[in-house]
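Trainee: Before anything else, here's the structure in question.
Every number in this text was worked out from the coordinates using simple rules, so none of it is lab data. This is a predicted model, so every value here is computed, not measured. Cβ placement follows ideal geometry from the backbone for every residue including glycine, while neighbour counts extend to all protein chains displayed.
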Amino acid sequence: MRNFYAEISLAITEEKKLLTILIDPDKFIEAEAASYLKKLPKETTHIFVGGSTVENFKTRKTVKAIKAETNLPVILFPGDYSHITETADALLFLSLISGRNPEYLIEQQVKSVEKLKNSKLEIIPTAYILIDGGKECEVQRVSGTKPMSQFQVKTIVNTALAGEFSGKKLIYLEAGSGADIPVSEEIITEVKNAISIPLIVGGGIRSLEQQKKAYNAGADMIVMGTHFEN
Ligand code: 1GP
């Protein structure tokens with residue numbers, strides 16, 4: 001059986017950069033899966049599926065439609081435990097550690113256990129850190145938590161390290177979907193230098209130049225969503 005986390009770690013050891021496309025089931029038309037996937041850049045290594053407000057079973061239908069058209073790993077990035085579906089390959093088991101809302105620090109995780117305990121989904125514990133992207137984002141609204149200021153570099157680094165020390169296997173720096181300002185290069189570099197687990201960066205990355213900057217600063221995986229929705 002494939003181990004998707006091991007594959008991510010190996011790619012990073014080999015100094016490969018990973019590019020994930022985020023698909024929001026709410027905005028996805030299953031019948032257009034093939035044509036959508038054909039338009040993605042050839043550098044794409046992963047697909048994340050998730051959104052903050054997804055209707056029942058829509059995630060499952062979306063994942064099925066994507067998997068019918070591609071062999072890329074499809075990883076769940078759920079906004080709510082109810083979005084979890086067996087049809088994906090793996091699950092980012094997220095804790096929103098930038099916030100102080102117990103619902104997103106532990107309650108959602110407890111609620112997901114009934115779905116996960118007999119499931120074959122690979123579970124990847126992920127520290128999710130929301131950073132101010134210049135405007136209010138969905139995660140902020142749904143979670144009722146405040147993003148960290150881009151000026152709080154040291155606190156962001158310490159938050160990421162607290163995630164690693166708690167046993168998380170990935171750090172995800174998130175500026176929010178459609179952010180005006182992506183996570184700064186300084187933050188990416190400082191976090192990357194401090195941690196020893198893979199670093200994901202997303203939110204507001206639209207151009208090749210922004211991608212390059214994030215990779216050069218130390219991002220192992222970049223997540224792009226909005227750019228490919230348009
Ligand atoms: C959001 O990090 C992702 O969770 C992607 O953000 O939609 O701005 O590319 P964008």
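Trainee: Hey, any hits in the range 144-157 for a residue that's at negative phi and within 14 Å of the ligand (Cβ to nearest atom)?
Mentor: Checking the range 144-157: at least one residue is at negative phi and within 14 Å of the ligand (Cβ to nearest atom).
Trainee: Out of all the residues in the range 132-160, which are of a type in the set (A, V, I, L, M) and over 25 Å from SER112 (Cα atoms)?
Mentor: MET148, VAL153, ILE156, VAL157
Trainee: Looking at (1) within 8 Å of the ligand (Cβ to nearest atom); (2) β-branched (Val, Ile, Thr); (3) touching a Leu at 6+ places or on another chain (Cβ under 7 Å); (4) farther than 16 Å from LEU18 by Cβ, can you tell me which one ILE187 breaks?
Mentor: Among (1) within 8 Å of the ligand (Cβ to nearest atom); (2) β-branched (Val, Ile, Thr); (3) touching a Leu at 6+ places or on another chain (Cβ under 7 Å); (4) farther than 16 Å from LEU18 by Cβ, ILE187 violates only (1).
Trainee: It is to be established whether one or more residues within the range 190-199 are without any contact (Cβ under 8 Å) to a residue 40 or more places away in the chain, away from the ligand (no atom under 15 Å from the Cβ), in contact with a strand residue (DSSP E or B) (Cβ under 6 Å, 6 or more places away or on another chain) and of a type in the set (Lys, Arg).
Mentor: yes
Trainee: Okay, moving on. With the requirement that a residue be part of a loop (DSSP other than H, G, I, E, B) and buried (at least 19 other Cβ atoms within 10 Å of the Cβ), what does the range 128-144 give you?
Mentor: Residues satisfying the conditions are ASP132, GLY133, CYS137.
Trainee: Select from the range 213-230 the residues that are more than 17 Å from the chain's Cα centre (by Cα) and not aliphatic (A, V, I, L, M) and write down the one among them that is farthest from PRO25 (Cα to Cα).
Mentor: Within the range 213-230, the match that is farthest from PRO25 (Cα to Cα) is ASN216.
Trainee: Return yes when GLN210 is within 17 Å of the chain's Cα centre (by Cα) and within 16 Å of the ligand (Cβ to nearest atom) and no when it is not.
Mentor: No; evaluated as a whole, the condition is false for this residue.
Trainee: Are there any pairs, at least 6 apart or on different chains, whose C-beta atoms fall under 6 Å, with the first in the range 209-230 and within 19 Å of PHE77 (Cβ to Cβ) and the second more than 10 Å from the ligand (Cβ to nearest atom) and assigned to a strand (DSSP E or B), and if so, which?
Mentor: Close Cβ pairs (under 6 Å, with a partner that is more than 10 Å from the ligand (Cβ to nearest atom) and assigned to a strand (DSSP E or B)) amount to ALA219/LEU199; ASP220/LEU199; MET221/LEU18; ILE222/LEU19.
Trainee: Now a separate question. Here are GLU164, GLU138, GLU174: which of them is of a type in the set (Asp, Glu) and either more than 12 Å from the ligand (Cβ to nearest atom) or over 18 Å from LEU94 (Cα atoms) (or both)?
Mentor: GLU164 is the lone residue from the list that is of a type in the set (Asp, Glu) and either more than 12 Å from the ligand (Cβ to nearest atom) or over 18 Å from LEU94 (Cα atoms) (or both).
Trainee: Scan the range 96-112 residue by residue and report those that are surrounded by fewer than 20 Cβ atoms within 10 Å (Cβ to Cβ) and part of a loop (DSSP other than H, G, I, E, B).
Mentor: Answer for the range 96-112, where residues must be surrounded by fewer than 20 Cβ atoms within 10 Å (Cβ to Cβ) and part of a loop (DSSP other than H, G, I, E, B): ARG100, ASN101.
Trainee: Where residues in the range 213-230 are among the polar types (S, T, N, Q) and within 21 Å of LEU40 (Cβ to Cβ), which of them is farthest from the ligand (Cβ to nearest atom)?
Mentor: So the residue we want is ASN230.
Trainee: Given the structure, is LYS115 crowded, with 17+ Cβ neighbours inside 10 Å and more than 17 Å from the chain's Cα centre (by Cα)?
Mentor: Answer is no for this residue.
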